[in-house]
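A.B. asks: I have a structure I would like to understand better, so I am pasting it below and will then ask my questions one at a time.
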Amino acid sequence: VPTILNALQRSVQAVLVGKIQIQDWFGNGIKRAALMNKWVLKEVNIDEDEHCLLQTDGSFLYLLCKDGLYKVGSGYSGTVRGHVYNSTSRIRNRKEKRSWLGFAQGCLLYRDMNSHSMSAIKINPETLEQEGTITMPGLQADGQNIIFTDGEYINQIAACKDDGFVVRIYATSSDPALQQELQLKLARKCLHACGISLFDLEKDLHIISTGFDEEAALIAAGREFALMKTASGKIYYTGKYQSLGIKQGGPSAGKWVELPVTKSPKIVQFSVGHDGSHALLVAEDGSVFFTGSASKGEDGESTKSRRQPKPYKPKKMIKLETKTAVYTACNNGSSSIVTKDGELYMFGKDAIYSDSTSKYHLLECPIKDARKREKHLKSTELNSSVWFNSVPPFDHQNHHNRHLLLFVVVAHQFWITCLVHLPFTSMLRQAQQMFTMDV
């Protein structure tokens, strides 16, 4: 069914019930109106806060509580509803231990979850007597998993890589054999957000409703807007659309709309600064787009003084037209781009240490990654890592500023840590010596 028809169906249902968004049982549980019948089990005493286990063979209900195991009629297949046909106190569900109850191939299966044993007890459903044990499959599996029965087989659902699940079906025998394995993927992923922002005032943990069916791959928030990249390379935004240069026609509060980018290229990476007002987008062909406000030259445009902030729609950064960008990072008032050739370019308030082309000459080695944090820039070289603090601490003894540089060099499986407290020019010479030294 086309995506647009699914959206239309949900819209029609929302109009019929008079609500903006239809609640589903995945997020809100089963409706009380869906309850068809209920009855009280008078012959078994159960505390209000007691945790019981319930299993069925299609005709009888098997109830495991603190006093024992009960075989109760369900009202179907000629059974008397609520009547206790048999019971035993040999097996109980105690508070201090976790139990599991299943039914497969005409036998009840019971296992103490606190036990390290891989076996379960077989119980005759007629006499409620023990009839040996069977090996439970899947208990030795790594990661989170759950075991359940369907009346015929023992089944396992386990988490696997890439946000998927695997369902394994085992035959019930003394040594269960794997009958079938089925790989499952989530039909829909949910994004949760917490904290408060200017465009989302709900501070408690809540689900982000995007309104589209594409899978979200990455999300980042600035001061007045947030961006989201989908698996197909589209960019959606929410928040104050004027801060992204869009004059009118922006989304209402809480809604997500696709960000208009010239020629609609596939975006492979993007970044938004901490509490920032701009963002950088990297297209599949290596071009870089700037969007948001630039008051300190964050967009790569030459400026000799602080200019009046003006929000821009996504525009290509002319200064990097001849370069192929692979990664970007932003901070409040600063932008950095790493190219395919390992060059690092800085724009904005942190560009004072760059040359006339905005190229950053901290390392002779090519750089493959850059991460910006509040007052910090982290660059990762092919075999080394560098942390650089761009804020010069004040030296009270000599009454002049000195720069602090912390190097952590990884080479030939050895770590070298050095703390340099030198003027900037001496610091660069020291950096070059450290990166060319033999380890």
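The values are calculated or read from the model by the stated rules, or taken from the named source; none is laboratory data. Remember, it's a predicted structure, so these values are computed and weren't measured experimentally. Cβ: placed from backbone, ideal geometry, glycine included. Neighbour counts: every protein chain shown. Side chains are part of the model used for accessible areas, which takes the heavy atoms of the whole protein and leaves out ligands, DNA and RNA. Shrake-Rupley method; radii C 1.70, N 1.55, O 1.52, S 1.80 Å.
A.B. asks: Tell me, yes or no, whether the stretch 302-311 has at least one residue that is under 23 Å from GLY233 (Cβ atoms) and at pLDDT 85 or above.
C.D. replies: Of the residues in the stretch 302-311, the ones under 23 Å from GLY233 (Cβ atoms) are none.
No, the stretch 302-311 contains no residue that is under 23 Å from GLY233 (Cβ atoms) and at pLDDT 85 or above.
A.B. asks: From the residues in the stretch 273-296 that are of a type outside the set (S, T, N, Q), at pLDDT below 90 and surrounded by fewer than 23 Cβ atoms within 10 Å (Cβ to Cβ), which one is nearest to the chain's Cα centre (by Cα)?
C.D. replies: It comes out as HIS274.
A.B. asks: Follow-up. Which of the residues that make up the stretch 120-139 are within 17 Å of TYR70 (Cβ to Cβ) and open to solvent by less than 50 Å² (accessible area, probe 1.4 Å)?
C.D. replies: Listed by number, the residues that qualify are ILE121, ILE123, ASN124, PRO125, LEU128.
A.B. asks: Within the stretch 326-353, can you find the residues that are open to solvent by 10 Å² or more (accessible area, probe 1.4 Å), modelled with pLDDT of 90 or more and of a type in the set (Gly, Ala, Ser)?
C.D. replies: Residues satisfying the conditions do not exist here.
A.B. asks: Here is a follow-up. Provide a single number: the residues in the stretch 249-271 that are farther than 12 Å from GLY233 by Cβ, among the β-branched types (Val, Ile, Thr) and at pLDDT 90 or above.
C.D. replies: So the count comes out to 0.
A.B. asks: Could you list, in sequence order, all residues of the stretch 102-119 that are under 20 Å from LYS71 (Cα atoms), touching a Ser or Thr at 6+ places or on another chain (Cβ under 9 Å) and of a type in the set (A, V, I, L, M)?
C.D. replies: Result: ALA104, LEU109.
A.B. asks: Does SER232 fit the bill of being open to solvent by less than 50 Å² (accessible area, probe 1.4 Å) and more than 18 Å from GLY195 (Cα to Cα)?
C.D. replies: When the stated conditions are applied, SER232 does not pass them.
A.B. asks: Which of the residues that make up the stretch 316-345 are touching a Phe, Trp or Tyr at 6+ places or on another chain (Cβ under 6 Å), under 24 Å from LYS234 (Cβ atoms) and assigned to a strand (DSSP E or B)?
C.D. replies: Here is the first cut: in the stretch 316-345, the ones touching a Phe, Trp or Tyr at 6+ places or on another chain (Cβ under 6 Å) are 316-317, 335, 337-338, 344.
If we keep only those that are under 24 Å from LYS234 (Cβ atoms) as well, we get 316-317, 335, 337-338.
LYS316, SER335, ILE337, VAL338 - these are the residues of the stretch 316-345 that are touching a Phe, Trp or Tyr at 6+ places or on another chain (Cβ under 6 Å), under 24 Å from LYS234 (Cβ atoms) and assigned to a strand (DSSP E or B).
A.B. asks: Would a scan of the stretch 196-206 turn up a residue that is free of Cβ contacts under 8 Å to residues at least 60 places away in the same chain, among the hydrophobic types (A, V, I, L, M, F, W, C), within 30 Å of GLY333 (Cβ to Cβ) and touching a strand residue (DSSP E or B) at 6+ places or on another chain (Cβ under 9 Å)?
C.D. replies: yes
A.B. asks: Considering only residues of the stretch 211-223 that are open to solvent by less than 60 Å² (accessible area, probe 1.4 Å) and in contact with a Leu (Cβ under 7 Å, 6 or more places away or on another chain), which is nearest to GLY276 (Cα to Cα)?
C.D. replies: Looking at the filtered set, the residue picked out is ALA220.
A.B. asks: On to the next question. Can you pull out the residues in the stretch 14-35 that are open to solvent by less than 80 Å² (accessible area, probe 1.4 Å) and either over 29 Å from the mean Cα position of the chain (by Cα) or modelled with pLDDT under 75 (or both)?
C.D. replies: GLY18, ILE22, ASP24, GLY27, GLY29, ALA34 - these are the residues of the stretch 14-35 that are open to solvent by less than 80 Å² (accessible area, probe 1.4 Å) and either over 29 Å from the mean Cα position of the chain (by Cα) or modelled with pLDDT under 75 (or both).
A.B. asks: Can you find, within the stretch 161-190, the residue that is farthest from the chain's Cα centre (by Cα) among those that are outside any loop (DSSP other than H, G, I, E, B) and surrounded by 14 or more Cβ atoms within 10 Å (Cβ to Cβ)?
C.D. replies: TYR170
A.B. asks: Filter the stretch 56-78 down to residues that are without any contact (Cβ under 8 Å) to a residue 24 or more places away in the chain and open to solvent by 60 Å² or more (accessible area, probe 1.4 Å) and give me whichever is farthest from TYR153 (Cα to Cα).
C.D. replies: Selected residue: GLY78.
A.B. asks: For ASP150, which of the numbered conditions (1) at pLDDT 85 or above; (2) of a type outside the set (S, T, N, Q); (3) surrounded by 14 or more Cβ atoms within 10 Å (Cβ to Cβ) fails to hold?
C.D. replies: ASP150 satisfies all of (1) at pLDDT 85 or above; (2) of a type outside the set (S, T, N, Q); (3) surrounded by 14 or more Cβ atoms within 10 Å (Cβ to Cβ) except (3).
A.B. asks: How many of the residues in the stretch 191-210 are open to solvent by less than 80 Å² (accessible area, probe 1.4 Å) and either outside any strand (DSSP E or B) or touching a helix residue (DSSP H, G or I) at 6+ places or on another chain (Cβ under 8 Å) (or both)?
C.D. replies: Adding up the residues that qualify gives 6.
A.B. asks: Somewhere in the stretch 247-259, is a residue open to solvent by less than 20 Å² (accessible area, probe 1.4 Å), in contact with a Gly (Cβ under 8 Å, 6 or more places away or on another chain) and either touching a residue at least 60 places away in the same chain (Cβ under 8 Å) or part of a loop (DSSP other than H, G, I, E, B) (or both)?
C.D. replies: No, the stretch 247-259 has no match at all.
A.B. asks: Taking only pairs six or more apart or across chains, which ones have beta-carbon atoms under 8 Å, a first residue in the stretch 83-95 that is in contact (Cβ under 8 Å) with a residue 12 or more places away in the chain, and a second residue that is surrounded by fewer than 15 Cβ atoms within 10 Å (Cβ to Cβ) and among the hydroxyl-bearing types (Ser, Thr, Tyr)?
C.D. replies: Once the first residue is in contact (Cβ under 8 Å) with a residue 12 or more places away in the chain and sits in the stretch 83-95, its partners that are surrounded by fewer than 15 Cβ atoms within 10 Å (Cβ to Cβ) and among the hydroxyl-bearing types (Ser, Thr, Tyr) give ASN86/THR127.
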